[in-house]
Amino acid sequence: MSSLLDLANLDLASTPGVAPPTPEAPKPPTGPIPTAQRARVVGGLHTEVLVQAYADRIFVLVTQLGRIGCLIQVNPPPPTIPAPLPSLSHSLFPHLPPPHPSTTLTPLFGVPPNQHAAVLHELYAMQVGAIVFAPRDAGEEGFARSRPVLLGIALKGGKEGEGVSEQERSTFGEVMEMVMECAVCKPVVISPITEDDLAEVVVLKRKAYRTAGPTTIAVYGKVSDADFDAESLVSLRAGLASPHEVLLKATRDGVIVAFASWILPHPTEPVEIATELVLPPGTDKELYNSFFPRLAAFKASIQEPHYRLNSLGTDPALQRTGAGTALTRWGLALADHDGLPTHLNSARAGEALYLREGFVPYADRITSVLNPDCSVSPPVWS
């Protein structure tokens with residue numbers, strides 16, 4: 001692998017005839033180039049993956065031949081275009097972030113041996129780009145997503161005229177796992193919540209809501225963990241069963257770091273959230289009744305077809321991973337596609353996220369008459 005490292009340390013900025021995109025705010029190098037590599041036998045072939053993070057681009061090498069082979073530049077999609085929906089990802093690899101349709105590829109040097117290899121190279125390039133461009137830590141997100149990827153790829157592929165074989169599909173999946181392992185910052189992957197996820201999401205929801213702000217703490221602060229979890233489980237199972245609700249999880253390196261509930265537009269107003277209607281023991285009922293019925297009435301007053309971000313929570317110990325942004329943009333992409341507004345109710349702690357995503361105030365804050373610290377704002381995206 002040392003020879004591959006030598007090859008990778010070329011002056012990548014001096015590729016003849018190629019003018020790479022200039023990052024918006026590149027960070028000066030502070031030390032050695034961050035490098036990660038993996039090597040294993042995949043489908044009977046020794047396979048190596050190398051990832052290096054330069055100031056203005058990410059270099060990725062995938063080789064089964066001990067050399068770079070072809071070099072392809074993977075250009076990031078415009079930051080204003082939301083990431084694709086989970087349903088657009090190929091079903092064989094649901095754990096991988098789906099490639100963005102606005103990603104573009106620029107061959108730099110090398111020619112694939114045949115059309116079959118060219119197709120494989122494109123598949124690999126798009127998926128490697130999806131992994132690199134996926135949301136990351138807030139300190140890295142905007143910068144990392146602005147850097148193009150240089151992919152060196154040399155595979156022992158099939159013959160001209162053959163389709164993608166099962167072995168090639170398996171190799172693709174294993175190689176992408178190696179790329180994910182090499183990622184300096186693991187990507188956040190958005191996918192639907194399943195029944196098997198509920199136990200983990202219930203605990204995450206409790207952690208998120210216990211620190212969500214004065215409103216939730218004041219109303220539910222004396223509810224035991226067991227009672228809170230029981231009501232959360234009822235609410236989540238109702239969401240899974242509803243044709244009008246989508247429950248999503250954001251995972252990073254296999255760990256669920258955030259969740260969201262999106263209500264889809266439909267002719268009748270959705271049933272209110274279970275945790276708003278069923279009060280577990282320990283709930284401050286007087287404070288609840290001074291606040292939540294008005295919030296429910298406000299929701300019911302919105303008659304226009306719309307999407308609603310029903311709930312959003314992040315593990316307090318794993319915040320600033322880009323997970324909340326990714327879960328929010330999932331619904332915004334649908335709303336933009338359908339030309340519909342998006343509504344939500346935000347505590348003060350969440351306002352910065354939603355205003356940054358383009359939400360604007362829709363009505364005055366709804367405040368409890370008993371506790372002025374208990375309030376939400378109802379912004380709208382249109």
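Which is among the small types (Gly, Ala, Ser) and open to solvent by 20 Å² or more (accessible area, probe 1.4 Å), of Ala335, Ala347?
The unique qualifying residue is Ala347.
Could you list, in sequence order, the residues of the range 256-278 that are surrounded by 14 or more Cβ atoms within 10 Å (Cβ to Cβ), outside any helix (DSSP H, G or I) and either among the small types (Gly, Ala, Ser) or at pLDDT 75 or above (or both)?
Ile256, Val257, Ala258, Phe259, Ala260, Ser261, Trp262, Ile263, Leu264, Pro265, listed by residue number.
Give Gly157, Gly213, Gly161 a once-over and let me know the one that is modelled with pLDDT under 90, exposed (fewer than 15 other Cβ atoms within 10 Å of the Cβ) and not acidic (Asp, Glu). Before the answer, list the steps.
Numbers: Gly157 fails: exposed (fewer than 15 other Cβ atoms within 10 Å of the Cβ); Gly213 fails: exposed (fewer than 15 other Cβ atoms within 10 Å of the Cβ).
Of the residues listed, the single one that is modelled with pLDDT under 90, exposed (fewer than 15 other Cβ atoms within 10 Å of the Cβ) and not acidic (Asp, Glu) is Gly161.
So Asp373 passes all but one of these: (1) within 21 Å of Ala208 (Cβ to Cβ); (2) out of contact with any Ser or Thr (no Cβ under 9 Å at 6 or more places or on another chain); (3) assigned to a loop (DSSP other than H, G, I, E, B). Which condition number does it fail?
Tallying (1) within 21 Å of Ala208 (Cβ to Cβ); (2) out of contact with any Ser or Thr (no Cβ under 9 Å at 6 or more places or on another chain); (3) assigned to a loop (DSSP other than H, G, I, E, B), Asp373 fails exactly one: (2).
Please specify each residue of the range 284-306 satisfying the condition of being in a loop (DSSP other than H, G, I, E, B), open to solvent by 30 Å² or more (accessible area, probe 1.4 Å) and closer than 21 Å to Ser232 by Cα.
Residue satisfying the conditions is Asp284 alone.
Quick one: is Gly313 under 22 Å from the mean Cα position of the chain (by Cα), assigned to a helix (DSSP H, G or I) and either surrounded by fewer than 17 Cβ atoms within 10 Å (Cβ to Cβ) or modelled with pLDDT of 80 or more (or both)?
Values: under 22 Å from the mean Cα position of the chain (by Cα): yes; assigned to a helix (DSSP H, G or I): no; either surrounded by fewer than 17 Cβ atoms within 10 Å (Cβ to Cβ) or modelled with pLDDT of 80 or more (or both): yes.
So Gly313 does not fit the description; no.
Determine the pairs where a residue that is on the phi < 0 side of the Ramachandran plot, located within the range 247-259, has a partner that is assigned to a loop (DSSP other than H, G, I, E, B) and open to solvent by less than 30 Å² (accessible area, probe 1.4 Å) with Cβ atoms under 6 Å apart, the partner being 6 or more residues away or on another chain.
Pairs found: Leu247/Ile193; Lys249/Ile193; Arg252/Thr321; Val257/Asp315; Val257/Thr321.
Which of the residues spanning the range 85-103 are of a type outside the set (Gly, Ala, Ser), open to solvent by 20 Å² or more (accessible area, probe 1.4 Å) and modelled with pLDDT of 60 or more?
Residues satisfying the conditions are Leu92, Phe93, Pro94, His95, Pro98, Pro99, Pro101.
Quick one: is Pro281 open to solvent by 20 Å² or more (accessible area, probe 1.4 Å), closer than 20 Å to Leu309 by Cβ and at pLDDT below 90?
For Pro281, the condition - open to solvent by 20 Å² or more (accessible area, probe 1.4 Å), closer than 20 Å to Leu309 by Cβ and at pLDDT below 90 - is not met.
The values are calculated or read from the model by the stated rules, or taken from the named source; none is laboratory data. What you see is a predicted model; the values in this text were computed from it and never measured. A quick note on method: Cβ atoms are made from the backbone with ideal geometry, for glycine too, and the neighbour counts reach across all protein chains shown. The area values use the complete protein model at the heavy-atom level, side chains included, leaving out ligands, DNA and RNA. Shrake-Rupley method; radii C 1.70, N 1.55, O 1.52, S 1.80 Å.
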